[in-house]
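Reviewing the structure listed below.
The values are calculated or read from the model by the stated rules, or taken from the named source; none is laboratory data. The model shown is predicted, which means the values in this text are computed figures rather than measured ones. Neighbour counts run over all protein chains shown; Cβ positions are idealised from the backbone, glycine included. When the accessible area is computed, the model is the full protein with side chains, heavy atoms only, and any ligands, DNA or RNA have been set aside. Shrake-Rupley method; radii C 1.70, N 1.55, O 1.52, S 1.80 Å.
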Amino acid sequence: PPFITSTLQQEAARKLGFTAQRTMRIAQQLYEGIDVGSGTEGLITYMRTDSVNLAQEAVAEIREFIAERYSKDDVPSEPPVFKTKSKNAQEAHEAIRPTSVKKIPAEIKSKLEDDQFKLYDLIWKRTVACQMIHATIDTVSADLSCGDAGIFRATGSTIKHPGFLAVYSEGTDDPKKADDDKEKILPEMKEGQIIDLEDIRAEQHFTEPPPRFSEASLVKTLEEYGIGRPSTYASIISTLVNREYVEIESKRFYPTDIGRIVNTFLTNHFASYVDYDFTARLEDDLDAVSRGEKEWRPLLRNFWDPFTATVQ
């Protein structure tokens, strides 16, 4: 699907090494406008959105562009339509996309700063890819005869038709997983083909704990729990760092002593307020107030009275 704020931040962290704050700062510049030769013009649509919907005129332009630049076979018979999975999604704006897909990143690269080009290129590719056909991938098992040593089997996949993969493939947080994925793509082979022996590797694998949060995986988890909004993901992360609750090493968050103490204090004495569901529930209630379904005074009273008692 096309980019929404959280997925843009996740992919920018994975592929470009950008923080959430840096991503949104650069996106703001692209949104406000860059002089690309014909005057200052916005290169992307509004970037603080939960919506995966694309305007009809944009979809028509993208489909026409794909047929011209790639092939008509890469254009699906019906435009793909995506639905957001985010609870209480703010969908006043459409998904993040180039204002015109004809502003090809490579052609305006000289007009952009390096970071601006990298982020615009990412947004442009994902937008084009989301309107292309699926990739066709064959599952393959190859039996390799090694004389007296026996038969060894390789299992993996071959790409029959790249589809959207010709433009864009999603990144991964875990370098090991990325390496594993590369291993699973097999080259084209024919029955009876003689294959050169390049290497024999004796490897041992150990079960490892789940990796620590990176910016990308933390934003994804916040989104899954319904905590925060597109406009607050960057500030949540910057607060963790600025208050020295965490340190970042190798793009991963590690709790500091201060972070552990604060966490222990809050979970021991304010458990209901640091519960995963608390923020999501409160945002549900506030949304109900904004829709006129609930009164705000009783809502605040129900929060404030027990909270005050707990503090005292």
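Among what's in segment 99-138 and is in contact with a Ser or Thr (Cβ under 8 Å, 6 or more places away or on another chain) and not acidic (Asp, Glu), pick the residue that is nearest to Glu11 (Cα to Cα).
My answer is Leu119.
Which of the numbered conditions does Ala60 fail, given that it passes all the others? Conditions: (1) touching a Pro at 6+ places or on another chain (Cβ under 9 Å); (2) in contact (Cβ under 8 Å) with a residue 12 or more places away in the chain.
That leaves (2) as the condition not met.
How many residues, within segment 32-78, are part of a loop (DSSP other than H, G, I, E, B) and either of a type outside the set (A, V, I, L, M, F, W, C) or loosely packed, with under 13 Cβ neighbours inside 10 Å (or both)?
18
Which members of segment 148-179 meet the condition of being of a type in the set (Ser, Thr, Tyr), at pLDDT 85 or above and surrounded by 11 or more Cβ atoms within 10 Å (Cβ to Cβ)?
Residues satisfying the conditions are Ser157, Tyr168, Ser169.
Just checking: which of the helices (runs of 4 or more DSSP H) contained wholly in segment 95-204 hold 2 or more residues that are farther than 21 Å from Phe3 by Cβ?
Passing ranges, in order: 175-184.
For Thr239, all conditions in the list (1) of a type outside the set (A, V, I, L, M, F, W, C); (2) closer than 19 Å to Thr7 by Cβ; (3) free of Cβ contacts under 8 Å to residues at least 12 places away in the same chain hold save one; what is the number of the exception?
(2)
Within segment 253-280, track down each residue that is open to solvent by less than 90 Å² (accessible area, probe 1.4 Å), in a helix (DSSP H, G or I) and of a type in the set (A, V, I, L, M).
Ile258, Val262, Leu266, Ala280
To keep it simple, each residue is scored yes or no on (1) closer than 18 Å to Val52 by Cα; (2) among the aliphatic types (A, V, I, L, M); (3) touching an Asp or Glu at 6+ places or on another chain (Cβ under 9 Å).
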site: Lys72; (1), (2), (3): no, no, no
site: Arg97; (1), (2), (3): yes, no, no
site: Pro105; (1), (2), (3): no, no, yes
site: Lys111; (1), (2), (3): no, no, yes
site: Ala135; (1), (2), (3): no, yes, no
site: His161; (1), (2), (3): no, no, yes
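Select from segment 257-284 the residues that are small (Gly, Ala, Ser) and farther than 16 Å from Pro306 by Cβ and list them in ascending order.
Matches in segment 257-284: Gly259, Ala280.
Could you pull out the residue among Glu293, Glu224, Glu283 that is open to solvent by 90 Å² or more (accessible area, probe 1.4 Å), of a type outside the set (Val, Ile, Thr), at pLDDT below 95 and in a helix (DSSP H, G or I)?
Within the list Glu293, Glu224, Glu283, the selection yields Glu224.
All but one of (1) open to solvent by less than 10 Å² (accessible area, probe 1.4 Å); (2) in a helix (DSSP H, G or I) hold for Phe18; which doesn't?
For Phe18, the exception is condition (2).
Take segment 109-118 and flag every residue that is in contact with a strand residue (DSSP E or B) (Cβ under 7 Å, 6 or more places away or on another chain) and open to solvent by 70 Å² or more (accessible area, probe 1.4 Å).
Lys111 - this is the single residue of segment 109-118 that is in contact with a strand residue (DSSP E or B) (Cβ under 7 Å, 6 or more places away or on another chain) and open to solvent by 70 Å² or more (accessible area, probe 1.4 Å).
Has segment 230-243 got at least one residue that is open to solvent by 100 Å² or more (accessible area, probe 1.4 Å), of a type outside the set (A, V, I, L, M, F, W, C) and either at pLDDT below 85 or part of a loop (DSSP other than H, G, I, E, B) (or both)?
Yes, segment 230-243 has at least one match.
Report whether or not Asp121 is acidic (Asp, Glu), touching a helix residue (DSSP H, G or I) at 6+ places or on another chain (Cβ under 9 Å), open to solvent by 40 Å² or more (accessible area, probe 1.4 Å) and at pLDDT 90 or above.
no
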